[in-house]
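Here the structure is laid out as structure tokens; the discussion comes afterwards.
The values are calculated or read from the model by the stated rules, or taken from the named source; none is laboratory data. Everything numeric here is computed off the predicted structure, so don't read it as measured data. Every residue, glycine as well, gets a Cβ built from its backbone with ideal geometry; the counts of neighbours run over all protein chains shown. These area figures cover heavy atoms from the full protein model, side chains too; ligands, DNA and RNA do not enter into them. Shrake-Rupley method; radii C 1.70, N 1.55, O 1.52, S 1.80 Å.
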Amino acid sequence: MNTTEISPHQRISTLREQLDRHNYQYHVLDEPEISDAEYDILFRELQQLEQNHPELVQSDSPTQRVGAAPLEGFGSIQHEIPMLSLDNAFSDEELGDFNRRVSEGLKAAGAIEYACEPKLDGIAVSLLYEDGRLIRGATRGDGYTGEDITQNIRTIPSIPLKLRGTGWPARLEVRGEIYMPKAGFEALNQRQQAKDDKLFANPRNAAAGSLRQLDSKVTAERQLEMCAYSAGIVEGGSLPEAHGAILKQLNQWGFRINPEMDVVSGVEACVDYYNKLEQKREQLPYEIDGIVFKVNNLAQQQQLGFVARAPRWAIARKFPAQEATTELLDVEFQVGRTGVLTPVARLKPVFVGGVTVSNTTLHNMDEIERLDLRIGDTVVVHRAGDVIPKVARALADKRPEDAREIVLPSSCPDCGSDIEQEEGEAAARCSGGLYCQAQRKEAIKHFASRKAMDIEGLGDKLVEQLVDQEQIKTAADLFSLTEAQLVRMERMGPKSAQNLLKALETSKKTSLNRFIFALGIREVGEVTALNLANYFGSLDELRVVTEEALIEVADVGPIVAAHIARFFKQPHNLEVIDSLIAAGIHWEKPVKQDASEQPLAGQSWVLTGTLQSMGRNDGKKLLQQLGAKVAGSVSAKTTALVAGEKAGSKLKKATELGIQVLDESAFIELLTEHGLQP
Ligand code: IVH
């Protein structure tokens, strides 16, 4: 044999070392050093060598994670040290009580040091290592006796089959949580759906189901991870004296620990940590249901000891539940500004995600069908973070005999006009237009709003009163209101009435684009209104415009064009416009521009920093007048950046990307060049 030739034995051992290392970098540290494809090449080489040399196969080889022969059942395992549970705290106050008990127990005057970790929503497990090798994995079970799930555990890539480094105790039990990341859960359910198999309700159930498989090959296909959170048995060696340090040590020996883990001093810092993580909760790639706070110092932990089944030195501060069940009492239909009918669920009030929910939108009839909802159903309400609560699902097995179907009304609940639903559209609409009281209120509120006619002092409540008391029917009626009429409204003294009349007078001088926007034409927002004003230059032209001509305008597609044309065909809309003009609304004629003539058409600009000669919003409008789109952040698509004083990260990014940067004077020069002024 050539002495320089590498023996299969040597090559196998090198490959195992490399694969173990890459596995650790990827699954434990989240810092892969090679691509998946490169990993696969090394893996396949090892597999091949082991196939050719079966005598060299070892149970802790990276190839041995694919699952073993199915079991008849799980054996049971006595925990040498019981696996306890945690007490819960549901408020900052209860967390404060915990801290007080700890301080009293330790007779400590100063701030206590706490280790803070997310409370992962998964399955607790115990892993036993002897001489550095994984010999057994068990579920928590009832805390005293668990199930032997060694074969399944061995398939999880973030669990080391043998410990890394040196210095570990001869017998070491590592405890932690096995969980399924959100992405793995979504992917699993998609595969289940494709196979017409049962869907898992949440990542926790999916993790539990995957772990309790008698066939570990199934477990191997599931994306499971483990995060270590404590040690149990420690014999023939020792661990550091503080919880945080123990976790760091476990991390070096090959275990994943939570990257959010932190050690803080005092209960106020614990509250801060809790708030910070609650904010971050939705963005985390895995589900958590609270924060676990543990006294960091092990000697202090021992001093405090246990009560019943939980330690005195730790507590779980739970987040408010994100799901709760309640009863669907009724479904009502609300009419919006554009006439869209929105079904709203009336619920038996339920506390979820930190608020009491008694009604929530169901969006449209398609959604009701998708959820297969009936009035009387028991439903699951979901509220995560600051998101609007939603009905997540109905519990089919709890449906009462007398559950009622939800039907779209045939006439508008507000004005009695017919309801129309266009082919292929989810939304149903009232055909009553400006005659419909519901739409009238919303139309007038929109007309008066800041970005439309900007009528100061005309709030939503006042509009509602004026319409309800039939003082006004359309926006045009606003301009013939008198002080006498106004003072009859709630919370309206002579002074505020006079101010409002003044504001109405001031608002008459406006711009064509604001006026177009104020009309509340479907899907015509500020930018489209501005493009229309620039393109047509006058209302008279716009009134008689055809759909074909409208499509020429920047930002206007066939659907918006149809909405605009239909709006100007309705006689009552034209009547309102005429009355508004008759009331004295006027504007200066904008310079008529063809979209293709707009100098910055097709460009994307960003504004940042403080401008001396104008507000950022004014700058934005001027750029839009020149045809540019104004974006909020710099990207490779950005054409140019206007950087005022104290410009920060956007300026840095633009410079890095080599994007053109204009300072304020260059920007003003550009504006004047095109006949605009700041
Ligand atoms: S410590 C004696 N830390 O919560 C202390 N538990 O109710 C034992 N859990 O069964 C647990 N994340 O499954 C601890 N960072 C964490 C945790 C955590 C999740 C689970 C664990 C345990 C349950 C306690």
Number of positions in segment 339-370 that are open to solvent by 20 Å² or more (accessible area, probe 1.4 Å) and not small (G, A, S): 17
Tell me which residues, restricted to segment 16-36, are closer than 18 Å to E221 by Cα and open to solvent by 40 Å² or more (accessible area, probe 1.4 Å). Y26, H27, D36
Those residues that are assigned to a helix (DSSP H, G or I) and either touching a Cys at 6+ places or on another chain (Cβ under 6 Å) or of a type in the set (D, E, K, R) (or both), I need them from segment 487-505; list them, please. K495, K502, E505
Take G336 and tell me if it is more than 15 Å from the ligand (Cβ to nearest atom) and surrounded by fewer than 16 Cβ atoms within 10 Å (Cβ to Cβ). yes
Segment 506-531: number of residues that are part of a helix (DSSP H, G or I) and under 35 Å from the mean Cα position of the chain (by Cα): 11
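I'm checking my understanding of the structure. Among residues of segment 492-545 that are of a type in the set (S, T, Y) and farther than 19 Å from H586 by Cα, which one is most open to solvent (accessible area, probe 1.4 Å)?
S496
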Kindly evaluate A316 against the criterion of being within 16 Å of the ligand (Cβ to nearest atom), over 22 Å from the mean Cα position of the chain (by Cα) and of a type outside the set (V, I, T). yes
A666 being among the hydrophobic types (A, V, I, L, M, F, W, C), more than 24 Å from V527 (Cβ to Cβ) and open to solvent by less than 70 Å² (accessible area, probe 1.4 Å): yes
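Assess whether S76 counts as being exposed (fewer than 15 other Cβ atoms within 10 Å of the Cβ) and either within 17 Å of H22 (Cβ to Cβ) or free of Cβ contacts under 8 Å to residues at least 12 places away in the same chain (or both).
no
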Restricting attention to segment 210-222, which residues are surrounded by fewer than 17 Cβ atoms within 10 Å (Cβ to Cβ) and either under 25 Å from P118 (Cα atoms) or of a type outside the set (D, E) (or both)? R212, L214, K217, V218
Go through segment 128-142 and report how many residues are of a type outside the set (D, E, K, R) and surrounded by fewer than 23 Cβ atoms within 10 Å (Cβ to Cβ). 5
Among the numbered criteria (1) crowded, with 20+ Cβ neighbours inside 10 Å; (2) farther than 30 Å from H22 by Cβ, which one does A207 miss? (2)
Six or more apart or on different chains, Cβ atoms under 8 Å: show the pairs whose first residue is in segment 112-126 and closer than 24 Å to A299 by Cβ and near the ligand (Cβ under 7 Å from one of its atoms) and whose second is of a type in the set (K, R) and in a strand (DSSP E or B). E117/K294
Which ones in segment 350-386 are within 20 Å of N275 (Cα to Cα), without any contact (Cβ under 8 Å) to a residue 60 or more places away in the chain and among the hydrophobic types (A, V, I, L, M, F, W, C)? F351, V352, V355
Sole exception among (1) part of a helix (DSSP H, G or I); (2) away from the ligand (no atom under 16 Å from the Cβ); (3) not aromatic (F, W, Y) for R101, by number: (2)
Taking the options P70, P8, P32, name whichever one is modelled with pLDDT under 95, over 28 Å from A207 (Cβ atoms) and away from the ligand (no atom under 16 Å from the Cβ). P8
Might you let me know whether segment 291-301 holds any residue that is out of contact with any His (no Cβ under 7 Å at 6 or more places or on another chain), crowded, with 20+ Cβ neighbours inside 10 Å and either modelled with pLDDT under 95 or farther than 27 Å from G143 by Cα (or both)? no
So in segment 232-244, with the set limited to residues that are in contact with a Pro (Cβ under 9 Å, 6 or more places away or on another chain) and aliphatic (A, V, I, L, M), which one is farthest from F74 (Cα to Cα)? L239
Residue satisfying condition, being at pLDDT 90 or above, more than 28 Å from T506 (Cβ to Cβ) and touching a helix residue (DSSP H, G or I) at 6+ places or on another chain (Cβ under 9 Å), within set L662, L607: L662
If we keep just the residues of segment 412-436 that are loosely packed, with under 14 Cβ neighbours inside 10 Å and either within 30 Å of the chain's Cα centre (by Cα) or at pLDDT 90 or above (or both), which is farthest from E470 (Cα to Cα)? G424
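Conditions tested, residue by residue: (1) touching a residue at least 40 places away in the same chain (Cβ under 8 Å); (2) more than 26 Å from E31 (Cα to Cα); (3) more than 10 Å from the ligand (Cβ to nearest atom).
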{"residue": "G237", "(1), (2), (3)": "yes, yes, yes"}
{"residue": "K248", "(1), (2), (3)": "no, no, yes"}
{"residue": "R256", "(1), (2), (3)": "yes, no, yes"}
{"residue": "E268", "(1), (2), (3)": "no, yes, yes"}
{"residue": "L284", "(1), (2), (3)": "yes, no, yes"}
{"residue": "V295", "(1), (2), (3)": "yes, yes, yes"}
{"residue": "F306", "(1), (2), (3)": "yes, yes, no"}
{"residue": "P311", "(1), (2), (3)": "yes, yes, no"}
Does at least one position in segment 201-209 carry a residue that is more than 15 Å from the ligand (Cβ to nearest atom), touching a helix residue (DSSP H, G or I) at 6+ places or on another chain (Cβ under 8 Å) and free of Cβ contacts under 8 Å to residues at least 40 places away in the same chain? yes
What is the number of the single condition among (1) within 22 Å of E287 (Cβ to Cβ); (2) away from the ligand (no atom under 16 Å from the Cβ) that L95 does not meet? (2)
Segment 143-177, subset under 35 Å from the mean Cα position of the chain (by Cα) and away from the ligand (no atom under 16 Å from the Cβ), residue surrounded by the most Cβ atoms within 10 Å (Cβ to Cβ): N152
Determine whether segment 93-110 contains at least one residue that is in contact (Cβ under 8 Å) with a residue 24 or more places away in the chain and touching a Pro at 6+ places or on another chain (Cβ under 9 Å). no
Filtered residues of segment 73-92 (kept if within 32 Å of the chain's Cα centre (by Cα) and either farther than 26 Å from Q302 by Cβ or away from the ligand (no atom under 16 Å from the Cβ) (or both)): F90, S91, D92
Please go through segment 647-669 and pick out each residue that is among the basic types (K, R) and more than 18 Å from Q603 (Cβ to Cβ). K652
Starting from segment 655-678, take each residue that is free of Cβ contacts under 8 Å to residues at least 40 places away in the same chain and within 25 Å of A636 (Cα to Cα) and list its partners that are open to solvent by less than 70 Å² (accessible area, probe 1.4 Å) and hydroxyl-bearing (S, T, Y), counting only C-beta distances under 6 angstrom and pairs at least six apart or across chains. I659/T638
